[in-house]
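Visitor: Quick one: structure below, then a few questions.
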Amino acid sequence: QPISMWMKNTLIPLDMMFIGDSGAIIKIVERTIPMSHEIITSGGPVKSVLELNGGTASRLGLKAGDRVSLSGVFD
């Protein structure tokens with residue numbers, strides 16, 4: 001299902017990886033704004049969201065289409 005969230009009670013910027021059923025990254029939202037009420041959406045159905053410290057996705061070169069491997073979740 002689609003996922004929406006905000007940063008209302010979050011004190012640091014985050015990168016959010018929206019991940020589909022197959023484990024592929026569907027969408028990345030980088031460096032979200034701490035304490036913001038702006039709604040952040042997956043843009044479509046996803047299975048999960050992985051949150052990393054802001055700037056990590058860029059530093060690691062992550063992009064939509066990359067796959068996340070987590071035993072038992074995306075098998």
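Visitor: Whose amide H sits under 5 Å from the amide H of residue 24, counting only residues 5 or more places off or on another chain, with H placed in the peptide plane?
Guide: Distant-sequence amide H within range of residue 24: 68.
Visitor: Name the trypsin sites (Lys or Arg not before Pro) in the range 5-75 that are in a loop by DSSP and that have at most 16 other C-beta atoms within 10 Å, would you? Please list the in-between numbers first.
Guide: On the way: sites: 8, 27, 31, 47, 59, 63, 67; in loops: 8, 31, 47, 63.
Passing both the DSSP loop test and the Cβ count: 8, 31, 63.
Visitor: Could you list the square roots of 5 times each eigenvalue of the Cα gyration tensor of the chain, that is, the equivalent ellipsoid semi-axes, sorted largest first and rounded to whole Å?
Guide: Semi-axes (√(5λ), whole Å): 21, 14, 10.
Visitor: Sticking with this one: Write down the Å³ per residue value for the convex hull defined by the alpha carbon atoms of the range 31-75. Walk me through the numbers before you get to the answer.
Guide: Values: hull volume 5.0 nm³, N = 45.
Roughly 111 Å³ of hull volume per residue.
Visitor: Out of the total accessible area of the chain (probe 1.4 Å, heavy atoms of protein only), what percent is carbon and sulfur?
Guide: 55
Visitor: Tell me the per residue accessible area of the chain using a 1.4 Å probe; a whole number in Å² is fine.
Guide: 63
Visitor: So what is the 222 nm mean residue ellipticity for the chain from helices alone, if each DSSP H run of at least 4 adds -39500 (n - 2.57) and you divide by all residues, rounding to the nearest 500 deg cm²/dmol? Provide the component values of the computation, followed by the final result.
Guide: On the way: 1 runs with 5 residues, N = 75.
Calculated mean residue ellipticity at 222 nm is -1500 deg cm²/dmol.
The values are calculated or read from the model by the stated rules, or taken from the named source; none is laboratory data. Since the model is a prediction, treat every value here as computed from it, not as a measurement. With ideal geometry, Cβ positions are generated from the backbone for all residues, glycine too; neighbour counts draw on all protein chains shown. Protein only, heavy atoms only, side chains kept; ligands, DNA and RNA dropped before computing areas. Shrake-Rupley method; radii C 1.70, N 1.55, O 1.52, S 1.80 Å.
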